């Protein structure tokens with residue numbers, strides 16, 4: 001088995017999946033309104049996908065410890081392909097919501113098994129770089145997808161992005177089916193799940209940092225910032241789109257460098273720096289008074305949060321091979337909890353008695369959450385740092 005080739009294939013497939021998932025973003029609300037959906041019901045389409053992943057991530061991780069990850073990846077991708085096709089021709093809102101939930105289940109099986117496979121074939125000394133490239137492939141898809149969706153909808157209709165989502169995921173399925181070896185397994189044993197796995201304090205703390213980054217990204221950047229830009233700064237949708245795109249690019253640049261940083265210095269120091277810097281930037285965003293100031297702080301927000309993907313590398317470092325999938329599944333569960341809870345909590349805090357502006361409380365609260373979790377994460381063990389220290393000591397003897 002060529003591990004380098006397998007990694008490149010994994011990057012290619014996750015790019016396809018991320019592109020397909022983000023293609024539907026511009027059309028989802030418009031499509032739902034054809035069925036008479038309210039804003040609350042539209043939010044349910046997003047929450048349903050995330051909640052499904054919250055409940056399925058951990059079981060998917062347990063399966064990834066017991067069975068061939070390639071088969072699980074194919075299983076997850078097949079679920080996404082079928083549910084997306086049905087969603088494209090959904091006759092009602094309830095069917096569309098059901099399809100979104102099923103998509104979340106498929107996504108959970110694919111993402112957990114793929115990250116388990118990736119972390120199982122990469123040594124600790126190179127795991128940071130591998131995860132940074134993997135996360136970057138996702139970000140590339142997230143950046144490209146919405147633009148493609150914006151082109152597809154006027155040409156083929158509001159349900160068409162789901163068809164393209166299915167087709168692009170099918171490409172990923174074919175790549176997985178024919179180019180990833182079928183003999184890859186972490187262990188021939190079939191370990192039983194036990195809650196005692198999660199008495200690992202470091203695992204809980206690292207997963208809290210995953211929660212914090214997801215909470216901040218979806219809650220602040222994707223929910224509060226648009227409201228703040230429209231209501232407090234009176235920016236146009238075009239200017240807001242430009243700001244978010246530039247922030248995504250800065251996040252991508254940071255992510256590409258993050259892997260080498262954590263491989264060299266260990267996971268803890270860079271991630272702690274990221275949490276504290278993101279907390280400071282979250283507060284500074286509330287001070288934005290113009291397009292240029294918001295653009296500046298959002299660019300810093302993208303740079304400071306670019307180490308998010310490294311929490312999975314840190315989780316893998318803390319796990320043994322028998323329980324790698326379970327540990328990664330738990331970590332992803334915490335991240336998806338952040339995805340679901342962030343928009344709800346920070347969106348609620350953004351409510352204001354003023355008609356024309358939103359409250360600045362979500363900026364302060366997000367900053368507070370990041371700082372508290374950063375302090376807690378400081379007490380987590382960092383096997384990668386210990387490994388680097390041993391290597392340096394051994395090298396100095398020669």
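Examine the stretch 68-77 for a residue that is surrounded by fewer than 20 Cβ atoms within 10 Å (Cβ to Cβ), modelled with pLDDT of 90 or more and more than 25 Å from residue 33 (Cα to Cα), and state whether such a residue exists. Even if it seems obvious, please write down each step before you answer.
Within the stretch 68-77, the subset surrounded by fewer than 20 Cβ atoms within 10 Å (Cβ to Cβ) is 68, 71, 75.
Filter once more, keeping what is modelled with pLDDT of 90 or more: 71, 75.
Still in the running and more than 25 Å from residue 33 (Cα to Cα): 71, 75.
Scanning the stretch 68-77 turns up at least one residue that is surrounded by fewer than 20 Cβ atoms within 10 Å (Cβ to Cβ), modelled with pLDDT of 90 or more and more than 25 Å from residue 33 (Cα to Cα).
Output the residues belonging to the stretch 351-398 that are assigned to a loop (DSSP other than H, G, I, E, B) and either modelled with pLDDT under 90 or closer than 21 Å to residue 288 by Cα (or both).
Step one: filter the stretch 351-398 for residues assigned to a loop (DSSP other than H, G, I, E, B), giving 351-360, 378-382, 398.
Result: 351, 352, 353, 354, 355, 356, 357, 358, 359, 360, 398.
Please work out if residue 208 is at pLDDT 85 or above, more than 28 Å from residue 31 (Cα to Cα) and within 25 Å of the chain's Cα centre (by Cα). Before the answer, list the steps.
On the way: at pLDDT 85 or above: yes; more than 28 Å from residue 31 (Cα to Cα): yes; within 25 Å of the chain's Cα centre (by Cα): yes.
Yes.
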- Message: When the residues of the stretch 256-278 are narrowed to those that are modelled with pLDDT under 90 and within 17 Å of the chain's Cα centre (by Cα), which ends up surrounded by the fewest Cβ atoms within 10 Å (Cβ to Cβ)?
- Response: 256
- Query: Do you know which residues across the stretch 136-171 are crowded, with 19+ Cβ neighbours inside 10 Å and outside any helix (DSSP H, G or I)?
  - Reply: 158
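In a helix (DSSP H, G or I) and at pLDDT 90 or above: does that describe residue 292? Lay out the reasoning, then the answer.
On the way: in a helix (DSSP H, G or I): yes; at pLDDT 90 or above: yes.
Here the answer is yes, as residue 292 does meet what is asked.
The values are calculated or read from the model by the stated rules, or taken from the named source; none is laboratory data. Every value quoted in this text rests on a predicted model; they were computed, and no experiment measured them. Virtual Cβ from ideal backbone geometry, glycine too; neighbours counted across all protein chains shown.
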